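Before any comments, here is the structure.
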Amino acid sequence: MDAENQITKEDISMTGFSIVAYSGDARTYLMQAMDKASEGKITEAKELVKKAEESINLAHNEQTKLLSKEAGGDDMDVTFIMVHGQDTLMTTMLLKDQMKTIINLYERVNKLEGKSIE
């Protein structure tokens, strides 16, 4: 391994921590969105999903930096925190997709029941 083409384990771990943090923020927003949707506060729920998407994009950007370096020939060791970051990001992305459906269902049910939608 060429030293100038090697990303340090510390760099990879720090990227993993960033991905976990951004994904965790997104997950929090998404769970708040579900609470708001269940209260009939659909507009607030959708705004929280947008915030979650922003955090997911930040996590994805961190991931892309490493992918680009690896694709460019840099060698890197996989760390547990990086694997955890990838797992957290992917499950949060899945939660986002599910949450959009859940919010739409709450909106539809509220309309069918004649409830006001905020």
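None of the figures in this text is laboratory data; all of them are computed from the coordinates on show. Remember, it's a predicted structure, so these values are computed and weren't measured experimentally. Glycine also receives a Cβ, built like all others from the backbone with ideal geometry; neighbour counts cover every protein chain displayed.
Got a sec? Charge dipole of the chain, +1 on Cβ for Lys and Arg, -1 for Asp and Glu; which of G24, A45, S13 is way out at the positive end?
About the Cα centre, the residue reaching furthest to the positive side is A45.
Peptides 67-74, 18-25: what's the order by average Cβ count within 10 Å, highest mean first?
Highest mean packing first, the order is 18-25, 67-74.
For the chain, what does the helix formula give at 222 nm: sum of -39500 (n - 2.57) over DSSP H segments with n ≥ 4, over the residue count, nearest 500 deg cm²/dmol?
The helix-only estimate for the chain comes to -28500 deg cm²/dmol at 222 nm.
Straight-line reach from K65: which lysines have Cα under 19 Å away, leaving out those fewer than 8 places along the same chain?
K9
Taking the Cα centre as origin and putting +1 on Lys and Arg beta-carbons and -1 on Asp and Glu beta-carbons, what dipole magnitude results for the stretch 1-80, to the nearest 20 debye?
Charge dipole of the stretch 1-80: 540 debye, to the nearest 20.
When the convex hull of the C-alpha atoms of the chain is computed, what volume per residue in Å³ does it have?
That works out to 75 Å³ per residue.
Which lysines, on any chain, are close to K111 with Cα under 19 Å apart, when same-chain ones fewer than 8 places away are left out?
Candidates past the 8-residue exclusion: K36, K41, K46, K100.
Tell me the label-point distance for the pair S38, M90, using the 7 Å Cα-to-Cβ offset, in nm and rounded to one decimal.
Result: 2.8 nm between the two label points.
Using +1 at the C-beta of Lys and Arg and -1 at the C-beta of Asp and Glu, which of L89, L66, T79 has the Cα lying farthest in the positive direction of the dipole of the chain?
It is L89.
Mind listing the long-range amide H neighbours of Q6? Cut-off is under 5 Å, sequence gap 5 or more, other chains count too, H placed in the peptide plane at 1.01 Å from N.
Residues meeting the criterion, in which the H sits 1.01 Å from N, are D75.
Taking the chain as the reference, fit the longest principal axis to its C-alpha atoms, fit the long axis of helix 80-112 to the helix C-alpha atoms, and give the angle between the two in degrees, 0 to 90, nearest 10.
10 degrees
In nm, give the distance between the simple-model label positions of T8 and R108, each being 7 Å from the Cα along the Cα-to-Cβ direction.
Placing both labels 7 Å beyond Cα along the Cβ direction yields 5.3 nm.
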